[in-house]
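Below is one structure, written out as structure tokens; comments come after it.
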Amino acid sequence: MFDKIFTTKSRCANLNQALKSIYKNKGELLLVLKRPEIPLHNNGAENAVHEYVKRRKISGSIRSESVRRSRDIFTSLKKNCRKLGVSFWHYLNDRFKNLGQIPLLPALIISKALDLPKNI
């Protein structure tokens with residue numbers, strides 16, 4: 001059905017070009033059928049940068065490279081903790097006090113990845 005729709009020719013050159021472009025990306029567009037865990041939207045990517053944009057609008061750009069880098073690291077840690085269901089403050093406390101009660105984020109990410117459905 002995909003091939004039939006996107007190889008159809010019309011009288012409109014723009015439409016034909018759009019159909020051709022979509023047809024070229026058939027593999028990527030239909031990947032979700034093989035991997036249903038892939039979202040059909042990019043909300044995750046949009047949400048990942050939303051906090052940066054919001055802070056930049058409020059405070060203006062950061063002039064110091066070290067301050068910008070620190071902000072980016074802490075924001076990334078906070079977002080990853082949230083995605084993994086770990087309290088950001090508990091994670092920081094565990095790291096700063098060297099308690100070792102909460103696994104490192106890479107270990108948590110790998111653990112979560114291994115819990116994905118096996119029909120991938």
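All of the numbers you see were taken from the coordinates with simple rules; none came from a lab. Note that the coordinates shown come from a computational prediction; the quantities given were computed from them, not determined experimentally. Glycine gets a Cβ as well: all are built from the backbone with ideal geometry, and neighbour counts include every protein chain shown.
A few comments on the model shown:
- Dipole magnitude (debye, nearest 20) for the chain, charges at Cβ of Lys, Arg, Asp, Glu: 380
- In the stretch 61-113, trypsin sites (Lys or Arg not before Pro) in a DSSP loop with at most 13 other beta-carbon atoms within 10 Å: R63, K97
- Given R0 = 41 Å, the distance between the Cβ atoms of L99 and E28 translates into a calculated FRET efficiency of 0.40.
- Likely footprinting exposure, T75, T7, fewest C-beta neighbours within 10 Å first: T7, T75
- Residue among L29, L19, L84 with the largest mean-square fluctuation in a Gaussian network model of the chain, springs linking Cα atoms under 10 Å: L19
- Remark: for residue pairs K34/K83; K83/K112; K9/K34; K26/K79, the C-alpha separation exceeds 21 Å in K34/K83; K9/K34; K26/K79.
- Size descriptor, Kirkwood hydrodynamic radius, that averages inverse alpha-carbon separations across the chain, Å: 18.7
- Each of T8, L104, L77 was placed along the dipole of the chain (beta-carbon charges, centred on the mean Cα), and the one lying farthest toward the positive end is T8.
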